[in-house]
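Reviewing the structure listed below.
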Amino acid sequence: MKDGQSRPGYTLPVFACASAIAAWQCLQGNEIKETVAIDLIEPSHIANIPIEQVAKISQNAALAITRSDPGDNLDLTRNTPIWAVVELIFDGGEQIVIEGGQGIGKQIDNEGKAAIYRYAQKLLQENLRQYLKPSDRIKVTIILPEGRRLAQRTSNAAFGVVEGLSLLGTTGISQPLSAPSQLENFQAELSEKATKFDCLVFCVGENGLDLARQQGINPEKLIKTANWLGPLLVAAGLQKVRFILLFGYHGKLIKLAGGIFHTHHYLADGRLEIFTAHCAKVGLPTLDLQTIFASSTTEAALNLLRDIDLETGSQWSEKVYYSLAETIDQRTQEYIRKQSETEVQIGSVLFDRDRRIIVTSENGKIMRKLLS
């Protein structure tokens, strides 16, 4: 690795898969090596994952443990243990059954199904199958002992995942999104797209990217920013981009209304303070303001506003989010003007945890026409 270059690591599904393979090998009485080779599939690459502990826990079950290593990413799962229990089953059903144990989140909107998503399922199925005979049937239970505690520091609940973490991702490589080298990659992508389009769409995360595509926005105009919104907004100004549509989860973009342009929670927050200030700005009664300010999350605050609207026939949520969206546009334009001495028109689209669009600013409505 070159000096100054950030070190990538692996995503949680990779460690879960390594634990499962080690547990299966133990159950078969095979020699347990210090590492397990995993085909990441996406990308096509073999990763050697260290095995921390492994043991047979009954005649038909074994447990193995790995430990998360996300590289130089600012990731709260760093060093967290990932367990896999592999059990023989004899019901003649599916060859590999994958379940979520303690610390794996549950999907509220999917009958409490374990939050083990497509890539993780594929990774486990394809890597384990090469070790199984056609007659073998196994159940794999993934456990994150620290998952419930760590989940309290994430926005998982805002997207309908409770009681633990998700095995989420589309790749086995954990790119250090908060490291300077990743910012350089984003800036390079921005520079390339700025030569083709004068209107671009900035999405903080995967949810924004997915929803933007569903809304018919040209994928070539999408830029993933992670938490580097501020530097990329300035770079866009210097690249003479004329229009930027901010497309994101309201719990992230609300920070921009308070002048916070690096959105990582490790560095700055203030979302409920900003939200409550805009509630006061549009005239929400004092008792309701106090309740809003005491909310656990911005998603909870939004739902409180919606409940008040239903009970009273008011339109507080519409007024508050219109105020927020317009302020996001104005403060972002001012930020770019101050940092790069250029004028860029900003529009914004904010959505909730169910990926329902809450509000589109006036500039955002104009830009949507440019992007269709």
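The values are calculated or read from the model by the stated rules, or taken from the named source; none is laboratory data. What you see is a predicted model; the values in this text were computed from it and never measured. Note: ideal-geometry Cβ built from the backbone for every residue, glycine included; neighbour counts use all protein chains shown. Note: accessible area is taken over every heavy atom of the protein model, side chains too, but ligands, DNA and RNA are not part of it. Shrake-Rupley method; radii C 1.70, N 1.55, O 1.52, S 1.80 Å.
Remarks
- Filtered residues of region 337-354 (kept if open to solvent by 80 Å² or more (accessible area, probe 1.4 Å) and under 24 Å from the mean Cα position of the chain (by Cα)): none
- Selected residue (criterion: least open to solvent (accessible area, probe 1.4 Å)) from residues of region 220-246 that are over 19 Å from Lys369 (Cβ atoms) and in a strand (DSSP E or B): Ile223
- Selection from region 45-68 of residues that are open to solvent by less than 70 Å² (accessible area, probe 1.4 Å), over 15 Å from Ile138 (Cβ atoms) and out of contact with any Lys or Arg (no Cβ under 8 Å at 6 or more places or on another chain): Ala47, Ile49, Val54, Ala55, Ile65, Thr66
- Close pairs from region 206-219: first in a loop (DSSP other than H, G, I, E, B), partner open to solvent by less than 50 Å² (accessible area, probe 1.4 Å) and not hydroxyl-bearing (Ser, Thr, Tyr), Cβ under 6 Å, at least 6 apart: Ile217/Val201; Ile217/Leu371
- Looking across region 189-200, the residues that are open to solvent by 60 Å² or more (accessible area, probe 1.4 Å) and either over 21 Å from Lys365 (Cα atoms) or within 22 Å of the chain's Cα centre (by Cα) (or both) come down to Glu189, Glu192, Thr195, Lys196.
- Residue among Glu42, Glu31 that alone is open to solvent by 30 Å² or more (accessible area, probe 1.4 Å), farther than 25 Å from Gly164 by Cα and assigned to a loop (DSSP other than H, G, I, E, B): Glu31
- Region 75-88 residues that are in contact (Cβ under 8 Å) with a residue 40 or more places away in the chain, paired with ones that are of a type in the set (Lys, Arg) and surrounded by fewer than 22 Cβ atoms within 10 Å (Cβ to Cβ) (beta carbon under 6 Å, 6 or more apart): Leu76/Arg153; Pro81/Arg67; Glu87/Lys139
- Residue in region 182-200 that is within 22 Å of Thr298 (Cβ to Cβ) and not aromatic (Phe, Trp, Tyr) present: no
- Taking the criterion of being over 17 Å from Gly364 (Cβ atoms) and in contact with a His (Cβ under 8 Å, 6 or more places away or on another chain), the only residue of region 300-339 that qualifies is Leu302.
- Looking across region 323-343, the residues that are modelled with pLDDT of 95 or more and aliphatic (A, V, I, L, M) come down to Leu324, Ala325, Ile328.
- Residue pairs meeting the criteria (Cβ under 7 Å; at least 6 apart or on separate chains; first open to solvent by 40 Å² or more (accessible area, probe 1.4 Å), in region 261-283; second assigned to a loop (DSSP other than H, G, I, E, B) and modelled with pLDDT under 75): His262/Ala268; Tyr266/Leu74
- Test: residue in region 304-321 that is modelled with pLDDT under 95 and open to solvent by less than 20 Å² (accessible area, probe 1.4 Å): no
- Of all positions in region 18-27, none carries a residue that is more than 14 Å from Leu124 (Cβ to Cβ), of a type in the set (A, V, I, L, M, F, W, C) and in contact with a Leu (Cβ under 6 Å, 6 or more places away or on another chain).
- Subset of region 272-317 [closer than 17 Å to Val359 by Cα and not aliphatic (A, V, I, L, M)]: Phe275, His278, Cys279, Thr298, Glu299, Asn303, Arg306, Asp309, Ser314, Gln315, Trp316, Ser317
- Complete set of residues in region 105-162 that are over 24 Å from the mean Cα position of the chain (by Cα) and open to solvent by less than 10 Å² (accessible area, probe 1.4 Å): Asn127, Leu128, Ile138, Val140
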